[in-house]
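Here the structure is laid out as structure tokens; the discussion comes afterwards.
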Amino acid sequence: MFLAIRELTHAKFRYVLIGLIMVLIASLIFIISGLTKGLSADNASAIQNLQADYVLMEPDAELEITKSFIPHKKLDDIAKIDGVEEANPLSIRMMNASVNGTQQNEDVALFVTEADGVLLPSVSEGKTIANENEVIADSSLKREGIEIGDTLQFGEESEFTIVGFTDNQRYSHTSVLFMDNGQRDNINAITIQAEEGKIDAIKSTIGDSLDIVTTEEALQGIPSYSQEQASLNMMIIFLFVIAAFVLAAFFYVITLQKRDQFGVLKALGAKTIYLVKNLIGQVVLLSVICIAVGVGLTLGIKALLPEDMPFLLETSGMIQTSLLILAVSVVGALVSLVQVVKIDPIEAIEGAGK
Amino acid sequence: MTLVLENVSKVYKDGPKEFKALDNVSLEVKPGEFIAIIGPSGSGKSTMLSIAGALLSPTSGRILLDGENTANLSANKITQRRLEKIGFVFQAANLIPYLKVKDQLSVINVIAKNKNKTRGNELLGHFGLAHRVNNYPNELSGGERQRVAIARALINDPKIILADEPTASLDSKRGREVVEMLADEIKTRGKSGIMVTHDERVLDLCDRVVTIRDGRLEE
């Protein structure tokens, strides 16, 4: 690292320039990752946080829960199958609710299940539902000024009172309301908890009448979920590739400029591995600094974003992304390593070896 | 004998033609001896210096560095021998542009994992560069740069000093000063020195002058 650090501090300007590009690319990767995670949660956190391992749907629904219809009596049959630990009904309806009988309207996703089932999330504020006219709402509704005790009315149907708030329950970019309206006819889906080892036996018992998918797979049925995630993930992949190429090109040109010096150092007795270590050291040092600044910049930008913006940064995800950027940078520098290895120390003596 | 070249030939193949850069050259350099190699360009001077410095392997013949035949050594061992036994002074100094004068010498200590760090300062003081230790090469004059290069060649206390036209970028006064320093080091410290040069005005500082013509040595 003797040479690496001295060169970085001496040729500040060029390394600051490339560093700036790296910081911007790293920040962009973090921001788009945050947006991807945020939109994913905004679109599907109610399904991701569902207390269930598998979702059973009508095969014709093609994973779209709202298009699936199952007779309620099926639920008892499913619950009796060996290996099924929990079976709960789930119906989802996208609704528009008027608040307290006023002009204020809010789009909500109604998650109808059984009041004594496991699908009902725990409340972070207020209490859980006690009768058919009470609902638990996602805390994102609080941003619209809605409080405990407010009533919601769907069309001509009866009024529902919000008795509690829960966290991180969003579906299709709208707030979720959990309720048990007591209706026991058709349901959209059945969720079950079952051990992974027994799922094949359960599948064969149920046969072709119902599709069994994991909750993860069920996400694909949420309108626009996979398209949204795929386009953002493609952007992230492109940014990684761009980062690799920008660094590869930069270090390639710099290494070409330094051919003479590498020749001299090799002639003076520096082993190739020593020079390689210095180059890798430079790339790692530069990347680590740039990633750190990028993380800082991203956190700063996050603080400036409006609260209802779907943006989610997780420490584990950030660390993973950071390590990936670092790895990509080192891969980008490999092209230059070939140069360093190939340089012949005889180049230090002019006129020789021709 | 610290450096012996025995019947060394170097043949380059250029398609069907063969070109003999060195033709059966033998040379012995004693400790404390300073030899100048002169000759027209293309005569094989640089090739000979490269072979003597273990930068290039001969087509035939033996090179003994301090009694050891370099032909049998692996590439890594040869690099190690260069580091320990040979000090190079290149044309136009060839200093590393982003290192301060003191670090030009330290880098060799780092590569060689030397513990003795004070020798660099002694050498720089000896060559009148004590006030320049924190300067970069582009802030030095040509003569100063070449003196740093000599100090760098000596930092590892090598037994052999090889100089490739050390006066090429200097005027005659500075050039002579540099060669005087080189000759003085070689004599007082008992090193073996070879210098390739065009500069006939410094030949009187050398013990022996060898002329190379079409790959053959003439004394």
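Residues that are over 30 Å from residue B:53 (Cβ atoms), at pLDDT 90 or above and open to solvent by less than 10 Å² (accessible area, probe 1.4 Å): does region A:272-287 have at least one? Yes, region A:272-287 has at least one match.
Set side by side, the residues A:277, A:302 differ, and just one is farther than 30 Å from residue A:140 by Cα and of a type outside the set (S, T, N, Q), which is A:277.
Identify all residues within region B:41-69 that are facing another protein chain (nearest Cβ under 8 Å) and surrounded by 16 or more Cβ atoms within 10 Å (Cβ to Cβ); write none if there are none. Within region B:41-69, B:45, B:46, B:47, B:49, B:50, B:53, B:55, B:56 meet the criteria. Residues that are open to solvent by 40 Å² or more (accessible area, probe 1.4 Å), touching a residue at least 24 places away in the same chain (Cβ under 8 Å) and within 14 Å of chain B (Cβ to nearest Cβ) within region A:324-350 comprise A:341, A:344, A:347, listed in sequence order. Please indicate, with yes or no, whether at least one residue in region B:70-81 is more than 11 Å from chain A (Cβ to nearest Cβ), open to solvent by 40 Å² or more (accessible area, probe 1.4 Å) and in a helix (DSSP H, G or I). Checked region B:70-81: at least one residue is more than 11 Å from chain A (Cβ to nearest Cβ), open to solvent by 40 Å² or more (accessible area, probe 1.4 Å) and in a helix (DSSP H, G or I). Considering (1) touching a strand residue (DSSP E or B) at 6+ places or on another chain (Cβ under 7 Å); (2) at negative phi, the lone condition that residue B:39 does not fulfil carries the number (2).
Could you please let me know if residue B:153 is buried (at least 21 other Cβ atoms within 10 Å of the Cβ), within 13 Å of chain A (Cβ to nearest Cβ) and small (Gly, Ala, Ser)? Yes: the conditions hold for residue B:153. Could we say that residue A:20 is within 27 Å of the chain's Cα centre (by Cα), outside the structural domain of residue A:180 (by TED's automatic domain parsing) and without any contact (Cβ under 8 Å) to a residue 40 or more places away in the chain here? Criteria met by residue A:20.
In the set B:136, B:98, only one residue is within 8 Å of chain A (Cβ to nearest Cβ), surrounded by fewer than 20 Cβ atoms within 10 Å (Cβ to Cβ), aromatic (Phe, Trp, Tyr) and more than 24 Å from residue A:272 (Cβ to Cβ); that residue is B:136.
For residue B:183, the conditions (1) open to solvent by 40 Å² or more (accessible area, probe 1.4 Å); (2) in contact with a Phe, Trp or Tyr (Cβ under 9 Å, 6 or more places away or on another chain) are fulfilled apart from (1). Would you mention how many residues in region B:23-40 are open to solvent by 30 Å² or more (accessible area, probe 1.4 Å), at pLDDT 90 or above and not in a strand (DSSP E or B)? Result for region B:23-40: 2.
The values are calculated or read from the model by the stated rules, or taken from the named source; none is laboratory data. As the structure is a prediction and not an experimental result, all values here were calculated from the model. Glycine gets a Cβ as well: all are built from the backbone with ideal geometry, and neighbour counts include every protein chain shown. The protein model used for the area step is the full one, side chains on, heavy atoms only, and it has no ligands, DNA or RNA in it. Shrake-Rupley method; radii C 1.70, N 1.55, O 1.52, S 1.80 Å.
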